[in-house]
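Novice: I have a structure I would like to understand better, so I am pasting it below and will then ask my questions one at a time.
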Amino acid sequence: MLERFDLLQHAPLEGARTLLEIGSGPHAVATVPLAFRVGPEGRLLAGELSRWGNFVSIVADSGLGNRIFPVACDARRLPLRDDAVDLALCVHGLRSLRGEPNSVRIIREMLRAAPRIFLAESLPVARTAAQRSHLGLYDLREQVFRAGSGVADDSRYPTLERVTSLVEQAGGIVDAREIVEIDLPHFLAYFPRSLVERVPAAETRDRLLQRWDEAEAIWRQKGEDHPPVGIVVAHRP
Ligand SMILES: C[S@@+](CC[C@H](N)C(=O)[O-])C[C@H]1O[C@@H](n2cnc3c(N)ncnc32)[C@H](O)[C@@H]1O
């Protein structure tokens with residue numbers, strides 16, 4: 001949540017009274033900082049497909065629930081009129097949108113619902129051994145999830161150029177791009193070996209188990225740091 005607070009210093013929140021968040025996720029990690037930043041007069045629509053998890057209790061504990069309006073939706077088709085909000089944001093959510101066509105479609109919807117958008121996502125960049133160790137384990141997630149359940153979540157982090165390209169394909173005009181260095185530990189990369197053991201295809205399973213063992217040993221030795229985050233701010237033509 002501290003990292004999300006930091007990132008939101010780079011969002012064009014001045015004058016924005018109504019916000020839309022895409023992919024709030026089960027822990028409201030960006031939702032609570034966003035609700036804090038929008039202020040007591042502001043409103044945040046928290047859009048999420050299905051993973052509500054502890055969202056309700058975390059929002060209640062934050063004391064900011066009166067500013068947060070959960071919206072269960074598929075962001076490929078937002079249940080909002082044009083220009084319904086001042087700013088639409090997707091924070092560390094691109095990785096879960098399941099591929100380029102979906103991402104472009106969702107960004108296009110964000111640009112329909114808001115005149116401006118803000119996207120933030122970790123970059124596949126490692127400047128330290130601990131960032132490299134994070135990427136080593138994180139980069140296995142998509143393959144393991146796809147091989148295990150057929151569903152690819154936690155895609156590899158996109159480069160800043162790729163995020164820019166997604167925005168441009170969706171018809172957005174990029175106002176600002178930046179890379180933010182995050183001086184914080186990161187605890188996302190780890191996932192249990194048992195998930196790899198459940199992969200049904202033996203050859204794939206053995207290959208992934210070997211890679212998991214190698215990546216996990218480095219992760220244990222070096223720890224993990226948050227990789228730099230790429231930010232793109234764009235507007236509708
Ligand atoms: C990485 S997670 C949570 C990101 C969160 N904002 C954060 O700061 O940690 C991204 C979320 O996007 C949601 N998501 C994926 N596809 C979606 C869609 N088509 N419409 C709405 N939400 C979607 C997933 O269910 C997931 O909870």
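None of the figures in this text is laboratory data; all of them are computed from the coordinates on show. For clarity, every value in this text was computed on a predicted model and none was experimentally measured. Glycine also receives a Cβ, built like all others from the backbone with ideal geometry; neighbour counts cover every protein chain displayed.
Novice: Starting from 0 in steps of 10 Å, tell me what percent of the Cα-Cα pairs of the stretch 2-235 lands in each bin.
Specialist: Computed distribution, short to long bins: 8, 31, 35, 20, 6, 0.
Novice: Further, regarding this structure: Report the charge-dipole magnitude of the stretch 1-89 in Debye, nearest 20, computed about the Cα centre from +1 at each Lys and Arg Cβ and -1 at each Asp and Glu Cβ.
Specialist: 200 debye
Novice: Using a cut-off of under 14 Å, list every residue of the stretch 106-124 whose amide N is near the label point 7 Å from the Cα of R76 along the Cα-to-beta-carbon line.
Specialist: Residues passing the 14 Å test: 106-109.
Novice: Same structure again: Taking +1 at the Cβ of each Lys and Arg and -1 at the Cβ of each Asp and Glu, which of P26, L140, L49 sits farthest along the dipole of the chain towards its positive end, judged by Cα position relative to the Cα centre?
Specialist: Farthest along the dipole direction, towards plus: L49.
Novice: Right, next: So what is the diffusion coefficient of the stretch 76-122 in µm² per second by Stokes-Einstein at 4 °C and 1.567 mPa s, using a Kirkwood Rh over Cα pairs?
Specialist: Translational diffusion coefficient: 120 µm²/s.
Novice: Label D183 and S57 with points 7 Å out from Cα along Cα→Cβ: what is the distance between them in nm?
Specialist: Rounded to a tenth, the inter-label distance reads 3.4 nm.
Novice: What does the net charge come to around L34 if you take all other residues with beta carbon closer than 15 Å to its beta carbon, with K and R at +1 and D and E at -1?
Specialist: -1
Novice: Something else about it: Are there any GluC sites (Glu not before Pro) in the stretch 1-55 that are in a DSSP loop and have at most 10 other Cβ atoms within 10 Å? List them by number.
Specialist: Here the GluC sites (Glu not before Pro) that fit, given the DSSP loop and packing criteria, are E14, E41.
Novice: Could you give the length gained by full extension between D83 and E168, i.e. 0.36 nm per residue of separation minus their alpha carbon distance, to one decimal place? All intermediate terms of the calculation are to be shown ahead of the outcome.
Specialist: On the way: separation 85, 0.36 × 85 = 30.60 nm, distance 1.91 nm.
Separation in residues times 0.36 nm, less the Cα-Cα distance, equals 28.7 nm.
Novice: Can you tell me the mean projection area, over all orientations, of the convex hull of the stretch 59-98's alpha carbons? Units nm², please.
Specialist: The directionally averaged projection comes out at 4.0 nm².
Novice: Further, regarding this structure: Nearest 5 is fine: what % of DSSP beta bridges in the stretch 2-235 come out antiparallel, could you say?
Specialist: Looking only at bridges with both residues in the stretch 2-235, the antiparallel portion is about 45 percent.
Novice: Within the stretch 173-200, whose backbone N sits under 17 Å from a point 7 Å along Cα→Cβ of D213?
Specialist: Residues passing the 17 Å test: 192-199.
Novice: Here's a follow-up. Rounded to the nearest 20 debye, what is the charge dipole size of the stretch 2-235 about its Cα centre when +1 sits on each Lys and Arg Cβ and -1 on each Asp and Glu Cβ?
Specialist: 460 debye
Novice: Of S149, S96, P70, which is farthest along the charge dipole of the chain in the positive direction, counting Lys and Arg as +1 and Asp and Glu as -1 at C-beta?
Specialist: S149
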